[in-house]
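Student: Please read through the structure below; I'll follow up with questions.
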Amino acid sequence: MSSIITEWSQQNKDDYGKRPLTALHSLHQGDKYSDENLAKLLEEYPRNKLGVYTMGQDHENWKTFVPGDAGDLSGEEIIEAVKKGRIWLNLRAVNDDIDDYTQLCEQMFQEVDSYTGCSTYKQDLGVLISSPNAQVFYHLDIPLVLLWQLRGTKKVWIYPNSSDFAPDENIEGIVLKETEEEFEYNPDFDRHALEIELEPGMFASWPQFAPHRIENHDMLNVSLSVEYVTMQAILQANMMYTNGVLRRRFGSTPLRENSSLVSLWVKAAFARALKLTRSGQQYQNKFRSHFKIDLSEKDCVRFYDKPQ
């Protein structure tokens, strides 16, 4: 089987996990992600797991990013709506349900582990299909992410993973499941961002907790979003969990940027103990559909209620 990663430099290996980077892949070649094959994938993928979203055009108003549903539309009709409307689809963990993607995920991570020298866990391969000019708002992910571009071009802004752009309290809230992944964005942040034009055949990586946002160019986009963790990423996430508990329960003001290696391990162990007792508030993101895909409506979206 031919290699998926076609270019990976020594600089990429040095930068991996520390700074944003791009490399090259071969997954965009062939017709696997043609309209016809995407429609077939949507027919095969469990409809009750399909993430369907729409969003506004204001880069700062992330609350307009709301869930909906595709009803009983065919895969072909859904692709038509994505091409005409303002839709963002997430086929999360497609490697759990579609054999081709199970095999693809295994090969991807064999190569990623080999090139980076790291061991990866909890591998989640998602297929993202999104409309021309659709956007993903300013947010951060707790797992590590690789974003592989297959069709179309998108612009990615990656911001420093420091408390100036991702305050500790925000990360703690996400880890503690008090809040979702989006939080306040200031357009002045863009002066400090690395801007990447992500084209088919490229993939991008960035440090854990680095905020980012994305805007499609004026064409349908297809990407693979791969979430995973390394041992270091697990330790960092658990440290933030403990810091969040210390801040909320005891009024402490811990700072992730000042944490030593010993502190990191101690806090990670403490977080594990806390999770076993199921202590702490749990944010419940109750799924409520705000719209349905409707090819006859503007942006192919018919709202049940209009987001603010």
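The values are calculated or read from the model by the stated rules, or taken from the named source; none is laboratory data. Note that the coordinates shown come from a computational prediction; the quantities given were computed from them, not determined experimentally. Here Cβ is always computed from backbone atoms with ideal geometry, including for glycine, and neighbour counts include all displayed protein chains.
Student: Need a quick list: strands (runs of 3 or more DSSP E) entirely within the range 192-231 having at least 1 residues that are under 21 Å from Leu89 (Cα atoms) and among the aromatic types (Phe, Trp, Tyr). Please lay out each step first, then the result.
Tutor: Numbers: elements: 194-198, 202-205, 212-216, 221-229.
In the range 192-231, the matching strands (runs of 3 or more DSSP E) lie at 202-205, 221-229.
Student: Among the residues in the range 205-221, are any more than 24 Å from Arg86 (Cα to Cα), among the basic types (Lys, Arg) and within 18 Å of the chain's Cα centre (by Cα)? Explain how you work it out, then say what you get.
Tutor: Of the residues in the range 205-221, the ones more than 24 Å from Arg86 (Cα to Cα) are 205-210.
The next check asks that each one be among the basic types (Lys, Arg); those that pass are none.
Within the range 205-221 (the criterion being more than 24 Å from Arg86 (Cα to Cα), among the basic types (Lys, Arg) and within 18 Å of the chain's Cα centre (by Cα)), the answer is no, since none of the residues qualifies.
Student: Here's another thing I want to ask about it. When you look at Glu60, is it assigned by TED's automatic domain parsing to the domain that holds Leu220 and more than 30 Å from Gln11 (Cα to Cα), yes or no? Break it down stepwise before answering.
Tutor: Numbers: assigned by TED's automatic domain parsing to the domain that holds Leu220: yes; more than 30 Å from Gln11 (Cα to Cα): yes.
Yes, satisfied.
Student: Here's a follow-up. When both residues are 6+ apart or on different chains and their Cβ atoms are under 7 Å apart, which pairs have a first residue that lies in the range 209-220 and is touching a residue at least 40 places away in the same chain (Cβ under 8 Å) and assigned by TED's automatic domain parsing to the domain that holds Lys84, and a second that is part of a loop (DSSP other than H, G, I, E, B) and aliphatic (A, V, I, L, M)?
Tutor: Phe209/Leu140; Phe209/Ala166; Ala210/Leu140; Pro211/Leu140; Pro211/Ala166; Asn216/Ala134
Student: Condition first: touching a helix residue (DSSP H, G or I) at 6+ places or on another chain (Cβ under 7 Å), in a helix (DSSP H, G or I) and touching a residue at least 60 places away in the same chain (Cβ under 8 Å). Now tell me which residues in the range 43-78 satisfy that.
Tutor: Across the range 43-78, the qualifying residue is only Ile78.
Student: How many residues does the range 146-173 contain that are of a type outside the set (D, E, K, R), touching a residue at least 60 places away in the same chain (Cβ under 8 Å) and surrounded by 18 or more Cβ atoms within 10 Å (Cβ to Cβ)? Steps first, please.
Tutor: Here is the first cut: in the range 146-173, the residues of a type outside the set (D, E, K, R) are 146-150, 152-153, 156-163, 165-167, 170-171, 173.
Within this subset, residues satisfying the condition of being touching a residue at least 60 places away in the same chain (Cβ under 8 Å) are 146-150, 152-153, 158, 162-163, 171, 173.
Now drop any that are not surrounded by 18 or more Cβ atoms within 10 Å (Cβ to Cβ), which leaves 146-150, 152, 158, 171, 173.
So the count comes out to 9.
Student: May I ask you to say which residue of Lys83, Lys122 is under 19 Å from the mean Cα position of the chain (by Cα) and among the basic types (Lys, Arg)? Write out each step before concluding.
Tutor: Details: Lys83 fails: under 19 Å from the mean Cα position of the chain (by Cα).
Selected residue: Lys122, the only one of Lys83, Lys122 that is under 19 Å from the mean Cα position of the chain (by Cα) and among the basic types (Lys, Arg).
Student: Next question, about the same structure. Consider only pairs whose beta carbons are under 8 Å apart and that are at least six residues apart or on different chains; among these, list those whose first residue lies in the range 98-125 and is under 16 Å from Phe203 (Cα atoms) and whose second residue is of a type in the set (A, V, I, L, M, F, W, C) and part of a helix (DSSP H, G or I).
Tutor: Leu125/Val94; Leu125/Leu104; Leu125/Cys105; Leu125/Met108
Student: Step by step: first the residues of the range 131-166, then only those that are assigned to a loop (DSSP other than H, G, I, E, B) and polar (S, T, N, Q), then the one that is nearest to Ala210 (Cα to Cα). Which residue is that?
Tutor: Restricting to residues being assigned to a loop (DSSP other than H, G, I, E, B) and polar (S, T, N, Q), the top hit is Asn161.
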